[in-house]
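Heads up, the thing below is written out as structure tokens.
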Ligand code: 13P
Ligand code: SF4
């Protein structure tokens, strides 16, 4: 009998498909993927690759970004229930109501959002390009940032820009405990603390390096002066960290309580079996309601333009 991995490789060849995986996926999924990366990298690749079929081993909003940028490609996410707490807590109608309160503001929306919410936003950001994107917004424009308040607060403080925040958060990152992290740091004074900016302000105050998944991985890969890292992000990232530096000690930042809260239940919905099934049937496909297709792409295009150093223009006010 053929192994799951061998079947996946064969099906990939048959459909000229490519597998993109986020760093939060299980190690076995990362190892079978053609490309592994953070959310910006995966969105950029999705647009550039010429394969007609893209299987995104990640969560649905990541698949939606690829679909918005490449409407003619078949985009598969092995389990469409793989959502995100940020998406769940920013429903379109309520977000629209909030957006309408600040018509003169630039609406900056984290990619961890639905296509519908993107369709009423001016520009998207990921945690790896947010500083550059916000830096490109004229100083005299107000910023309405959503749906992740922790990322927004971190950026507002770092860039010294006032912002209005949508009150959303990541269910995984908010559970890291600042008190326990402080204690852990005392026990390991030689460790460097790495944290994703979706973590709370209380946790971020103890971090030596704050950044996207790719930035945290880069620190482990390149900082050879350090032999011990405390990592405050989802535990899937440990796979690449261990592969790159098997000799270093990696300590998971502690969460409140004794749950396995450092695992994103949505990211972990993907399995090799579901990937195989998805490539067999070319289902489930990421579908975007037609009314959000063009408008949902606008903030992503603006984000890509700024990321690549191209000029952009900004709307004077929100009129929807
Ligand atoms: P990155 O953009 O850093 O990969 O993060 C995605 C994400 O979902 C974090 O929770
Ligand atoms: Fe969403 Fe948090 Fe999971 Fe990332 S880790 S996909 S922000 S719930």
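Structure above, values below:
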{"item": "Residue check for residue 216: within 21 Å of the chain's Cα centre (by Cα) and assigned to a strand (DSSP E or B)", "result": "no"}
{"item": "Residue within segment 45-57 that is within 16 Å of ligand 2 (Cβ to nearest atom) and either touching a residue at least 40 places away in the same chain (Cβ under 8 Å) or within 25 Å of residue 234 (Cβ to Cβ) (or both) present", "result": "yes"}
{"item": "Out of 107, 128, 114, 70, sole residue that is over 30 Å from residue 175 (Cα atoms) and modelled with pLDDT of 95 or more", "result": "70"}
{"item": "Candidate set from segment 241-270 (those that are crowded, with 20+ Cβ neighbours inside 10 Å and assigned to a helix (DSSP H, G or I)); member that is farthest from ligand 2 (Cβ to nearest atom)", "result": "241"}
{"item": "Residue satisfying all of: in segment 166-187; part of a helix (DSSP H, G or I) and touching a strand residue (DSSP E or B) at 6+ places or on another chain (Cβ under 9 Å); surrounded by the most Cβ atoms within 10 Å (Cβ to Cβ) among these", "result": "173"}
{"item": "Tally of residues being in contact (Cβ under 8 Å) with a residue 40 or more places away in the chain, part of a strand (DSSP E or B), more than 12 Å from ligand 2 (Cβ to nearest atom) and crowded, with 22+ Cβ neighbours inside 10 Å across segment 144-165", "result": "2"}
{"item": "Count of segment 200-219 residues which are away from ligand 2 (no atom under 16 Å from the Cβ) and either touching a strand residue (DSSP E or B) at 6+ places or on another chain (Cβ under 6 Å) or modelled with pLDDT under 95 (or both)", "result": "5"}
{"item": "Near pairs, Cβ below 8 angstrom, 6+ apart or cross-chain, from segment 71-87 (over 22 Å from residue 148 (Cβ atoms)) to any residue that is within 16 Å of ligand 1 (Cβ to nearest atom) and in a loop (DSSP other than H, G, I, E, B)", "result": "78/270; 79/270"}
{"item": "Scope segment 21-59; condition assigned to a strand (DSSP E or B), within 16 Å of ligand 1 (Cβ to nearest atom) and closer than 18 Å to residue 80 by Cα; matching residues", "result": "21, 22, 56, 57"}
{"item": "Some residue of segment 307-316 being more than 16 Å from ligand 2 (Cβ to nearest atom), modelled with pLDDT of 95 or more and under 19 Å from the mean Cα position of the chain (by Cα)", "result": "yes"}
{"item": "Residue tally, condition loosely packed, with under 13 Cβ neighbours inside 10 Å and either farther than 17 Å from residue 59 by Cα or within 16 Å of ligand 1 (Cβ to nearest atom) (or both), over segment 271-293", "result": "4"}
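The values are calculated or read from the model by the stated rules, or taken from the named source; none is laboratory data. The shown structure was predicted, so the numbers you read here are calculated from the model rather than taken from an experiment. Cβ: placed from backbone, ideal geometry, glycine included. Neighbour counts: every protein chain shown.
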